[in-house]
1. Has segment 113-120 got at least one residue that is modelled with pLDDT of 95 or more, touching a Lys or Arg at 6+ places or on another chain (Cβ under 7 Å) and under 30 Å from P33 (Cα atoms)?
2. What residue, of H65, H55, H46, is exposed (fewer than 13 other Cβ atoms within 10 Å of the Cβ) and either within 26 Å of A5 (Cβ to Cβ) or not hydrophobic (A, V, I, L, M, F, W, C) (or both)?
3. Based on what the data block shows, is N96 closer than 19 Å to I11 by Cβ and either touching a helix residue (DSSP H, G or I) at 6+ places or on another chain (Cβ under 9 Å) or aromatic (F, W, Y) (or both)?
4. Would you mention how many residues in segment 74-102 are closer than 18 Å to E30 by Cα and polar (S, T, N, Q)?
5. Only one of A52, A6, A26 is in contact with an Asp or Glu (Cβ under 8 Å, 6 or more places away or on another chain) and either touching a residue at least 12 places away in the same chain (Cβ under 8 Å) or among the aromatic types (F, W, Y) (or both); which?
6. Across segment 88-133, which residue is most open to solvent (accessible area, probe 1.4 Å) among those that are touching an Asp or Glu at 6+ places or on another chain (Cβ under 9 Å) and part of a helix (DSSP H, G or I)?
7. Kindly indicate whether L142 is free of Cβ contacts under 8 Å to residues at least 40 places away in the same chain, in a helix (DSSP H, G or I) and aliphatic (A, V, I, L, M).
8. Restricting to segment 19-42, count the residues that are part of a helix (DSSP H, G or I) and either surrounded by fewer than 18 Cβ atoms within 10 Å (Cβ to Cβ) or at pLDDT below 95 (or both).
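The values are calculated or read from the model by the stated rules, or taken from the named source; none is laboratory data. A quick note: this is a predicted structure, and the numbers were derived from the prediction, not measured. Counting neighbours? That spans all protein chains shown, and the Cβs are built from the backbone with ideal geometry, glycine included. Calculation scope for accessible area: heavy atoms of the full protein, side chains included, ligands and nucleic acids excluded. Shrake-Rupley method; radii C 1.70, N 1.55, O 1.52, S 1.80 Å.
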Amino acid sequence: MDISAAIDRLIWLCQHIPERIEAVPAAELESKPAPEKWSKKEILGHLIDSAANNHQRFIRIQAEHEPVIFYNQNDWVWLSRYNDIPVEQLIATWKNYNLLLSAVAGAITPENLARKGVGRDGQPHTLKWYFDDYVDHMEHHLRQIVTY
């Protein structure tokens, strides 16, 4: 099992996406397409929430027997009030947290990549699956913010 391609992709995103987000006008970043939909800043905030929750997942799957880890993403976005936080702070937090996660992921042993955790779907998945899915999920949302 190997996650080196996903780690490389994560580092590439951290190196190239911040400048693209910085180029988006503030009004566009804060605009909500509908009252119940997230703005682009809130999507970026959601990616920070995802980093925080997945950090826990990446560690706990290695340390515990099939931990159950999930969170209510809408509550986290709503309670964090990301539209009220300067975009520069959100970008820096997103970038630096994901650079940290790339280092954490690089330290995971091949044996631990086969360990399992349980998410919202109630099904066990390997740590490799969770890391690959983390990067795929991130790219899905980044494409809602910028084109690349």
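1. No: zero hits.
2. Of H65, H55, H46, the one residue that is exposed (fewer than 13 other Cβ atoms within 10 Å of the Cβ) and either within 26 Å of A5 (Cβ to Cβ) or not hydrophobic (A, V, I, L, M, F, W, C) (or both) is H65.
3. The answer is yes for N96.
4. Within segment 74-102, residues that are closer than 18 Å to E30 by Cα and polar (S, T, N, Q) number 5.
5. A6
6. Restricting to residues being touching an Asp or Glu at 6+ places or on another chain (Cβ under 9 Å) and part of a helix (DSSP H, G or I), the top hit is E88.
7. no
8. Of the residues in segment 19-42, the ones part of a helix (DSSP H, G or I) are 19-22, 26-30, 40-42.
Add one more test, that the residue is either surrounded by fewer than 18 Cβ atoms within 10 Å (Cβ to Cβ) or at pLDDT below 95 (or both), and what stays is 19-20, 22, 26-28, 30.
Matching residues across segment 19-42 total 7.
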